[in-house]
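Take this structure, written in structure tokens, and hold onto it; I'll ask about it next.
Any read-out appearing in this document is the output of simple, stated calculations on the displayed coordinates, not a laboratory observation. Everything quoted here is computed from the prediction, not taken from an experiment. Positions of Cβ are backbone-derived with ideal geometry, glycine not excepted, and every protein chain shown enters the neighbour counts.
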Amino acid sequence: MSNLNFIRKLYNGKNCYSDHMTNEELQVLHVHSKVEDIILEMQKQNKIVFLTGNPGDGKTFLIRTIEPQLTGLDVYIETDLNKITDYQEVAEKIITCYKGGKPAIIAVNEYPFIRLCKQIRKMSSALYEEITTVKQNAIIYDMPHDGIRKVAVIDLNERNLLDKDHNLSEEIITRICALLDEDDNKSKQLTYNIKAMCAPEIRGQLVSLLDLASISCEHFAVRDIFGAISFILTACETEDFLGIPYYDAIFVGNNALLQMIQQFDPIYLSKPSVDEALWNGEIKTNWMLGVPEKWPNSPEFDDKVEEATELFKSIKRRYYFENSDGEALRSLQPTEIQKCVEMFVDLEHKKKAIKERLVRSINKLFLPSSDDKKQLRIWTTHRYDLSIDASTAISSRYVDTSDLDIQMPRPADWLNGIEYMPQHLILKPKRKESPTLIMDIDFLRTLDAIEDGYPVNLLAPQYAQTVAVFLQQLYEAGLAEENDDGEILIASRKRSYKRSIFIEDGKYSFEEADE
Amino acid sequence: MAKHDTLKQLADSICREYLGFLPTSNSVKPPHIANGLFRECTGETCYTQDIHEWIVSERRNGAVSSSEIIEKYQDILWHGNKEKPENVKQVRYLMEEIFNQDNTVYPNYEFSVFSISSHWLLKTRVSSELNIGRFLFEILAKRVNGIRSPAIELIQSALNHDDDDLTKILKPIIAYPTDREKRTLNGIDFPSDESIKWDACKEAIRNGFDNLARNIRVTKENENSLLVLERMVNFAGFAVFLYLVDCHFALFKGNRIPILLDAGTELESIKKASEQSFTSAKKAVEDYFMCTIQAALSLEISSPNKAACLRWIEGMVWSSAERELSVKAAITSYFESFSSDGEDPLVALAHSLQIALYTFEYKNNSPSDFCRVLGVRCGLIGPKGNRANVKRFLINSFTLETITLSILSEDDLDGIEMKELGEKAIHIYNILLGTNADAEYKILENANIAQSTPGDLRGDLTINAQALANTYISLGLARKYADGVTLIGWRL
């Protein structure tokens, strides 16, 4: 098989599955991940490793890659539990290893893993408990946790190969380009695509799009990454997209990663002067791979508006990647996600400010005019009729913001070095593990929108529901303090207006009414 | 009056003796169900007239003025009778927003119920309760395998918790002059197991309450008493709706109506199919009424031939000559018409009486209207608002969560496939989530819904299921994997 055919099939083809690959092909695609070292070390220590994750995450691939190094360790290996129908038999083998202190490695998708665990629970509660504990504590916050004993659960869902620090996307692009370049008789378009990807500036633009996708809270399997890059480069060789340049291919593919990237298509980045100049063919300089030959304002498109528009989109994408001024358009990419990501980046040195901002946004969920960032109010809403929005919120207690902590997850110590990118923050009481409010990127974006004055009732209601449960848990855990002087705040959410009632010794006093 | 009017008597007896509650009023709101059910579960009522005086604000006709409030309640005001009426007026306005959140507090105390936050707000029976509380309580009280529903204890415990902010606001009023004299403890009136009529639908409702109560404890929602109360009332509303729609199937082997939940994706085929599914649900209620009338008539007419049926119509008693003139003539005419269509005489008579009931007795508050109103208020039916006159099962995320927690067993919380949840939803409530497109399409086909739905219903069912899965994920009840598998459960 030519390299082109091999690479092309990585996109939605059977080459996505390591079972179909020869050892040589495996090595060609092998991208070293820290997980391999972790697994090998554990096998040497006679531990049982469950390698879980989504299909395409590379579980079987990983095992096959390290298999030669496991020889001699007497490891029980199960490369694909999906093919197993008798969970009892597998569970028995694992329990035998567990009791005998023998190493084992089992690759299993998430759902079969749950079924396997249910089977193990029936047969060995000790092993089941250990699996559950290790699984729950694989990703930790700042609280100290026990290390692992006999069992490790490595969830490849948590591995983010697009993690900026590890630069894997750039490595994969380079490697695929090199493989494709080895082939003779390449088409003109494929040669062009390879040449473009070899230019650091152009490759950098693509990597920046992959970075944007990687921070958007979605998990992408190894298969998605290889598939996407394969399609970008080789779509021009397929019947459906014959001759398509890489900069258009990026935005027409249908795998999970490419679909995510589509929302960052440069055609949505509007800079009127640039758009006008591109339409009129006035930008003739700074093209790294040559000036476009056709422009949308060409007379041949006079009666073909749709074709002219399509050409404009293509030229604008080309400008984004291949014109050295195109990089300036990058600053127009949506900032909401980036703003949230900055919270993660800045968390260590701006922890207090970020925490206070989040506390203020949460208070605003219940009282839009609230500016309180020093106290997280324990707001209560209550209604039975779901056809009516809860119009009033009440609060007689609060938690001091200084008693709360905001933390970012990280892999447990035994997973140190794994390619990991945190995708949520938690708000919780200081020095306590619970209750916690888990805020993923979407949630953080919602809070950010509220901070910017977006109307609360237009936002997804489930976040207010989640926050309300967390606030009540803080109260139930005895962490909330009563307001001074028995003050109870009543907030009219519709009118963004509040009043206070004071109850002391069973008597009311009221905030002075507005004149 | 009912005693002297056969049709009214019939209307009354179908609801009271056969159904167990009165689905013949549009005034029912979830707090009415709450008041009835909670009172039955605790055997307690409280004196709440003073609370009512406070929270009916001065903008309402017939409200007590703030000056009068100051005069009457000066002992619980720090400034006594020196308090400014304007201060009290503004606070009462907000108090009304809190405790009349569901628009069930009227200037007339007798008809009012509050957005109940603890046992201190439980009132004696109000007419809009429609006996729903008792109906549901009997389902919970029946000993199944020797035990009553854990939902009873959960409700009791949530109501006893009176430290929430809502109740706290009322504490000075509750404690004035003393809180002891506000409570009336009647004791819980448990029915004997034998006296409870039981059927498959009641069993499904009971299992739903039991699962929900257990899952609320597992997920620690029970630590939030207000949430427990909201959850229980939400499910109670759904249960009443389900019983009404399903009892024709459960008791008379009628067609089981599929409840196609629309995730709000604006898919035309799903919208239409869900609308038709809701229309079929209302038709099933009419069928139940007809079958019940037939069952009642068969006790009275031993040889149900046409002449005997006409004699029965002739023997009907009327509360006025006017009614006799108009309604009797209509029933006779319906009967003749259905008989000439070939309907069996007893069926034709039952059919005629059902039409007469819907036309003359339940003009604007038929059981069909009740289904719509209750469904909207408990988050099962939408879109809300009078302008959207064609309704469908456009489910609210809170209600979806409640129903799901009523389906899942404690074991299931560890994780079951969405497809499996879909199968359970069909089996238990005949709810269609779209997770098993082929099987669900078949169900909709058998219900004559799929045939008249535009577009690719089969394909859109799958898209609808994905949208529901996304709702579950945002509620923290699911996790999605790259191979398309969505697991439903808790803390996955």
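Do you know which residues across the stretch B:383-397 are in contact (Cβ under 8 Å) with a residue 40 or more places away in the chain and either crowded, with 19+ Cβ neighbours inside 10 Å or under 15 Å from the mean Cα position of the chain (by Cα) (or both)?
Scanning the stretch B:383-397 gives B:Lys391, B:Arg392, B:Phe393, B:Leu394, B:Ile395, B:Ser397.
Say whether the condition of being away from every other protein chain (no Cβ under 14 Å) and without any contact (Cβ under 8 Å) to a residue 40 or more places away in the chain is met by at least one residue in the stretch A:354-361.
No, there is no match, as no residue in the stretch A:354-361 is away from every other protein chain (no Cβ under 14 Å) and without any contact (Cβ under 8 Å) to a residue 40 or more places away in the chain.
Every residue, every condition in (1) within 22 Å of the chain's Cα centre (by Cα); (2) small (Gly, Ala, Ser), yes or no:
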| site | (1), (2) |
| --- | --- |
| A:Pro409 | yes, no |
| A:Phe443 | yes, no |
| A:Leu474 | no, no |
| A:Gly478 | no, yes |
| A:Arg499 | no, no |
| A:Gly506 | no, yes |
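Out of all the residues in the stretch B:42-49, is one or more in contact (Cβ under 8 Å) with a residue 40 or more places away in the chain, assigned to a loop (DSSP other than H, G, I, E, B) and either over 23 Å from B:Arg148 (Cβ atoms) or within 11 Å of chain A (Cβ to nearest Cβ) (or both)? Steps first, please.
Initial filter on the stretch B:42-49 (in contact (Cβ under 8 Å) with a residue 40 or more places away in the chain): B:42-49.
When the remaining residues are screened for being assigned to a loop (DSSP other than H, G, I, E, B), the result is B:43, B:47-48.
Then keep just the ones that are either over 23 Å from B:Arg148 (Cβ atoms) or within 11 Å of chain A (Cβ to nearest Cβ) (or both); that gives B:47-48.
Yes, some residue in the stretch B:42-49 is in contact (Cβ under 8 Å) with a residue 40 or more places away in the chain, assigned to a loop (DSSP other than H, G, I, E, B) and either over 23 Å from B:Arg148 (Cβ atoms) or within 11 Å of chain A (Cβ to nearest Cβ) (or both).
Considering B:Leu310, B:Leu297, which residue is under 27 Å from B:Ala250 (Cβ atoms) and in a helix (DSSP H, G or I)?
Matching residue, one of B:Leu310, B:Leu297: B:Leu297.
If you check A:Ile154 against the conditions, is it away from chain B (no Cβ under 14 Å) and touching a Pro at 6+ places or on another chain (Cβ under 8 Å)?
Numbers: away from chain B (no Cβ under 14 Å): yes; touching a Pro at 6+ places or on another chain (Cβ under 8 Å): no.
Answer is no for this residue.
Working only within the stretch B:254-274, note down all residues that are closer than 21 Å to B:Pro23 by Cα and either over 22 Å from the mean Cα position of the chain (by Cα) or surrounded by fewer than 23 Cβ atoms within 10 Å (Cβ to Cβ) (or both). Reasoning before the result, please.
Quick first cut of the stretch B:254-274, residues closer than 21 Å to B:Pro23 by Cα only: B:254-259.
Matches in the stretch B:254-274: B:Gly254, B:Asn255, B:Arg256.
Would you please name the residue that is surrounded by the most Cβ atoms within 10 Å (Cβ to Cβ), looking only at residues in the stretch B:174-187 that are of a type in the set (Val, Ile, Thr) and touching a Ser or Thr at 6+ places or on another chain (Cβ under 9 Å)?
B:Ile174
Matching residues to (1) out of contact with any helix residue (DSSP H, G or I) (no Cβ under 7 Å at 6 or more places or on another chain); (2) surrounded by 15 or more Cβ atoms within 10 Å (Cβ to Cβ); (3) not polar (S, T, N, Q):
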position	(1), (2), (3)
A:Leu458	yes, no, yes
A:Tyr463	no, yes, yes
A:Val467	no, yes, yes
A:Leu474	yes, yes, yes
A:Asn483	yes, yes, no
A:Gly486	yes, yes, yes
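Within the stretch B:3-26, identify whether any single residue is surrounded by fewer than 21 Cβ atoms within 10 Å (Cβ to Cβ), farther than 25 Å from A:Asp385 by Cα, under 30 Å from the mean Cα position of the chain (by Cα) and of a type in the set (Val, Ile, Thr), and answer yes or no.
yes
Next up: State all residues of the stretch A:329-350 that are in contact (Cβ under 8 Å) with a residue 24 or more places away in the chain and either touching a strand residue (DSSP E or B) at 6+ places or on another chain (Cβ under 7 Å) or among the hydrophobic types (A, V, I, L, M, F, W, C) (or both); if no residue qualifies, say none. Break it down stepwise before answering.
Residues of the stretch A:329-350 in contact (Cβ under 8 Å) with a residue 24 or more places away in the chain: A:329-330, A:332-334, A:336-341, A:343-344, A:347.
The answer is A:Leu329, A:Leu332, A:Ile337, A:Cys340, A:Val341, A:Met343, A:Phe344, A:Leu347.
Right, next: Give the residue that is farthest from the other protein chains (Cβ to nearest Cβ), with candidates limited to residues of the stretch A:28-58 that are polar (S, T, N, Q) and within 18 Å of A:Ala221 (Cα to Cα).
Taking the stretch A:28-58 as the starting set, the residues that turn out to be polar (S, T, N, Q) are A:33, A:43, A:45-46, A:52, A:54.
From what is left, the residues that are within 18 Å of A:Ala221 (Cα to Cα) are A:33, A:52, A:54.
On the way: A:Ser33: 18, A:Thr52: 10, A:Asn54: 4 Å.
So the residue we want is A:Ser33.
Can you confirm whether the stretch A:317-324 contains a residue that is surrounded by fewer than 16 Cβ atoms within 10 Å (Cβ to Cβ) and within 30 Å of the chain's Cα centre (by Cα)? Working first, answer last.
As a first pass, look at the stretch A:317-324 and keep what is surrounded by fewer than 16 Cβ atoms within 10 Å (Cβ to Cβ): A:324.
Then keep just the ones that are within 30 Å of the chain's Cα centre (by Cα); that gives A:324.
Yes, there is a match, as at least one residue in the stretch A:317-324 is surrounded by fewer than 16 Cβ atoms within 10 Å (Cβ to Cβ) and within 30 Å of the chain's Cα centre (by Cα).
Scan (1) in contact with a Pro (Cβ under 7 Å, 6 or more places away or on another chain); (2) facing chain B (nearest Cβ under 8 Å); (3) buried (at least 18 other Cβ atoms within 10 Å of the Cβ) for the single condition A:Phe510 breaks and write down its number.
(1) is the only condition that A:Phe510 fails.
For the stretch B:166-183, does any single residue satisfy the condition of being in contact (Cβ under 8 Å) with a residue 12 or more places away in the chain, of a type in the set (Lys, Arg) and part of a helix (DSSP H, G or I)?
Within the stretch B:166-183, one or more residues are in contact (Cβ under 8 Å) with a residue 12 or more places away in the chain, of a type in the set (Lys, Arg) and part of a helix (DSSP H, G or I).
Let me ask something else. Check the stretch A:136-159 and report whether any residue there is free of Cβ contacts under 8 Å to residues at least 40 places away in the same chain, part of a helix (DSSP H, G or I) and under 22 Å from B:Tyr481 (Cβ atoms).
Yes, because at least one residue in the stretch A:136-159 is free of Cβ contacts under 8 Å to residues at least 40 places away in the same chain, part of a helix (DSSP H, G or I) and under 22 Å from B:Tyr481 (Cβ atoms).
Can you tell me how many residues in the stretch A:442-483 are touching a Phe, Trp or Tyr at 6+ places or on another chain (Cβ under 9 Å), free of Cβ contacts under 8 Å to residues at least 24 places away in the same chain and either of a type in the set (Phe, Trp, Tyr) or more than 10 Å from chain B (Cβ to nearest Cβ) (or both)?
Summing the residues that are touching a Phe, Trp or Tyr at 6+ places or on another chain (Cβ under 9 Å), free of Cβ contacts under 8 Å to residues at least 24 places away in the same chain and either of a type in the set (Phe, Trp, Tyr) or more than 10 Å from chain B (Cβ to nearest Cβ) (or both) in the stretch A:442-483 gives 2.
Right, something else. Against the condition more than 14 Å from chain A (Cβ to nearest Cβ) and either at negative phi or not in a loop (DSSP other than H, G, I, E, B) (or both), how does B:Gly422 come out, does it pass? Give the steps one after another, and end with the answer.
Details: more than 14 Å from chain A (Cβ to nearest Cβ): yes; either at negative phi or not in a loop (DSSP other than H, G, I, E, B) (or both): yes.
Yes: the conditions hold for B:Gly422.
Applying the selection to the stretch A:300-341, what residues are of a type in the set (Asp, Glu) and part of a loop (DSSP other than H, G, I, E, B)?
Matches in the stretch A:300-341: A:Asp302, A:Asp303, A:Asp325.
So, in the stretch A:194-237, how many residues would count as being without any contact (Cβ under 8 Å) to a residue 40 or more places away in the chain and under 18 Å from the mean Cα position of the chain (by Cα)?
Qualifying residue count for the region: 1.
Moving on. Write out, first by first residue and then by second, each pair whose Cβ atoms fall under 6 Å of each other, whose residues are 6+ apart or on separate chains, and whose first residue, in the stretch B:84-97, is at negative phi while the second is β-branched (Val, Ile, Thr) and not in a helix (DSSP H, G or I).
As it stands, the answer is B:Val91/A:Ile501; B:Leu94/A:Ile490; B:Glu97/A:Thr392, since those pairs meet every condition given.
Continuing with the same structure: Restricting attention to the stretch B:331-365, report how many residues are part of a loop (DSSP other than H, G, I, E, B), without any contact (Cβ under 8 Å) to a residue 60 or more places away in the chain and under 16 Å from B:Lys8 (Cβ atoms). So that I can check it myself, show each step before the final result.
The first filter runs over the stretch B:331-365 and keeps only residues part of a loop (DSSP other than H, G, I, E, B), leaving B:341-344, B:362-365.
From what is left, the residues that are without any contact (Cβ under 8 Å) to a residue 60 or more places away in the chain are B:341-344, B:363.
Remaining after also requiring under 16 Å from B:Lys8 (Cβ atoms): B:363.
Here the count works out to 1.
Which of the following residues is in a helix (DSSP H, G or I) and in contact with a helix residue (DSSP H, G or I) (Cβ under 6 Å, 6 or more places away or on another chain): A:Ile94, A:Ile39, A:Ile66, A:Ile114?
Values: A:Ile94 fails: in contact with a helix residue (DSSP H, G or I) (Cβ under 6 Å, 6 or more places away or on another chain); A:Ile39 fails: in contact with a helix residue (DSSP H, G or I) (Cβ under 6 Å, 6 or more places away or on another chain); A:Ile114 fails: in contact with a helix residue (DSSP H, G or I) (Cβ under 6 Å, 6 or more places away or on another chain).
Every option except A:Ile66 fails the conditions.
Same structure again: Just give me the residues in the stretch A:370-397 being in a loop (DSSP other than H, G, I, E, B) and either more than 7 Å from chain B (Cβ to nearest Cβ) or on the phi > 0 side of the Ramachandran plot (or both), in sequence order. Don't jump to the end; show me each part of the working.
Of the residues in the stretch A:370-397, the ones in a loop (DSSP other than H, G, I, E, B) are A:370-374, A:378-379, A:381-391, A:396.
Scanning the stretch A:370-397 gives A:Ser370, A:Asp371, A:Asp372, A:Lys373, A:Lys374, A:Ile378, A:Trp379, A:Thr381, A:Asp389.
While we're on this one: Check off (1) facing another protein chain (nearest Cβ under 7 Å); (2) free of Cβ contacts under 8 Å to residues at least 40 places away in the same chain for A:Ser492 and give me the number that stays unchecked.
The failed condition is (2).
Condition first: under 30 Å from B:Ile216 (Cβ atoms) and not in a helix (DSSP H, G or I). Can you find one or more residues in the stretch B:441-459 that meet it?
no
When the stretch A:24-58 is examined, which residues are found to be over 17 Å from A:Pro112 (Cβ atoms) and aromatic (Phe, Trp, Tyr)?
Residues satisfying the conditions do not exist here.
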